[in-house]
Amino acid sequence: MTTTGTWLREYLDGLDYPVSREDLVRRAQENGASTEVLQLLRALPAEQFGSPAELGDTLASLA
């Protein structure tokens with residue numbers, strides 16, 4: 001996905017870090033994320049993320 005930063009802000013805005021993978025999925029669902037975004041979040045290798053930058057780096061490595 002080339003617009004990772006955009007949908008991170010759109011679907012995951014307002015989360016307090018550290019955050020679990022399940023919390024990411026839950027927030028994205030609540031904010032209307034697409035099936036593709038939800039699948040990507042569920043595929044994250046880490047169970048928890050300490051910052052938005054850490055999450056963004058991990059997502060970028062999956063792309």
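Below is a table of values for the structure above.
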quantity	calculated
Residue list for the range 24-34, restricted to those being closer than 16 Å to T6 by Cα and exposed (fewer than 11 other Cβ atoms within 10 Å of the Cβ)	G32
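Quick grid of which residues meet (1) at pLDDT 90 or above; (2) crowded, with 16+ Cβ neighbours inside 10 Å; (3) not in a helix (DSSP H, G or I):
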site: G5; (1), (2), (3): no, no, no
site: E22; (1), (2), (3): yes, no, no
site: A46; (1), (2), (3): no, no, yes
site: L59; (1), (2), (3): no, yes, no
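Residues are listed down the side, and each one gets a yes or a no for (1) without any contact (Cβ under 8 Å) to a residue 40 or more places away in the chain; (2) out of contact with any helix residue (DSSP H, G or I) (no Cβ under 9 Å at 6 or more places or on another chain):
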residue	(1), (2)
Y17	yes, no
R26	yes, yes
S34	yes, no
V37	yes, no
R42	yes, no
A46	yes, no
G50	yes, yes
G56	no, no
L62	yes, no
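The values are calculated or read from the model by the stated rules, or taken from the named source; none is laboratory data. Bear in mind the structure is a predicted one, so any value in this text is a computation, not a measurement. When we count neighbours, we look across all protein chains shown, and the Cβ atoms used for this are built from the backbone with ideal geometry, even at glycine.
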